[in-house]
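Okay, so here's the structure we're looking at.
What follows is calculated from the coordinates using simple rules that are stated; it is not laboratory data. Here the structure is a predicted model, which is why all the values come from computation and not from measurement. Neighbour counts run over all protein chains shown; Cβ positions are idealised from the backbone, glycine included.
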Amino acid sequence: MEVRIDKYLWAIRAFKTRTEAADACKGGKVKVDGVSVKAAREVKAGEIIKIHKGAIEYTYKVVEPTEHRVGAALVPQYAENLTPQAELDKLKAPVETFFLTRDRGAGRPTKKDRRELEKLWDELD
């Protein structure tokens, strides 16, 4: 049985919608055996699929092609997840590294600080 790759990726729950899967193929984010593929390419058992989503590159091995969406518990019957643990650890990266924080009072004054300064200047005049 041969199935379109966009249908297959949707069926094994790699993407929430088939449109997302097709767009990923169009954008060059899906590779089969190291080659970028179009959404209409058919997958066969034994092929290795690499999907680049965000900062992570997921790797799957096709066990058995399917065009019907399967429950999460049944996915291992159709695809083997070969994603290295180092890639999965990127999901658990601390959130603090992505956002800068500023201590209150450091840098430019807040609106409240500005109002207090203006009130003080008015009293001195």
So if I place +1 on the C-beta of Lys and Arg and -1 on the C-beta of Asp and Glu, and nothing else carries charge, what would the dipole magnitude of the chain be about its Cα centre? I want it in debye, nearest 20.
320 debye
State the label only: which of [x] 17.7; [y] 15.8; [z] 16.5 corresponds to Kirkwood radius over Cα pairs in Å computed from the shown model?
[x]
Count the net charge of all other residues whose Cβ sits under 15 Å from the Cβ of residue 57, scoring Lys and Arg as +1 and Asp and Glu as -1.
+3
Which of rounded, prolate or oblate describes the stretch 1-63 when judged by the alpha-carbon gyration tensor and an a/c cut-off of 1.5?
rounded
Within the under-13-Å Cβ sphere about residue 83, not counting residue 83, Lys/Arg +1 and Asp/Glu -1 give a net charge of 0
For the pairs 7/53; 16/38; 26/92; 7/29; 31/92, flag any whose C-alpha to C-alpha distance is greater than 22 Å.
26/92; 31/92
